[in-house]
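The structure appears right after this line, and notes come after that.
Readers should treat all values here as calculations from the given coordinates under stated rules, not as data from a laboratory. Model, not experiment: these values are computed from the prediction. Methodologically, a virtual Cβ is constructed for each residue, glycine included, from the backbone with ideal geometry; neighbour enumeration extends over all protein chains shown.
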């Protein structure tokens, strides 16, 4: 999903690691994160709710958000019992 967003903006040659920050390293803007959030929800429904994920973050945490932190959130939500 992230590769698709990066490709859409001509950033498909960007190196993506777990430590990559969405804004500083991958040069994504908030609208790009909204696009990614929509794709996550389309794929996994409410199991992976990006808005809920960032709701408890401070602005500087959102700005420093890494691929790894999002990956860990998605994995935790998919492994959570009682969620379908």
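Stokes-Einstein diffusion for the chain, with the hydrodynamic radius set to the Kirkwood value over Cα pairs and evaluated at 4 °C in a medium of 1.567 mPa s, equals 98 µm²/s. Dividing the mean sequence gap of close Cα pairs (under 8 Å, 6+ apart) by how many residues the chain holds gives a relative contact order of 35 percent.
Taking the C-alpha atoms only, the angle from helix 67-79 to the longest principal axis of the chain is near 20 degrees. Counting every other Cβ atom within 10 Å of each residue's Cβ, 22, 53 order from fewest to most as 53, 22.
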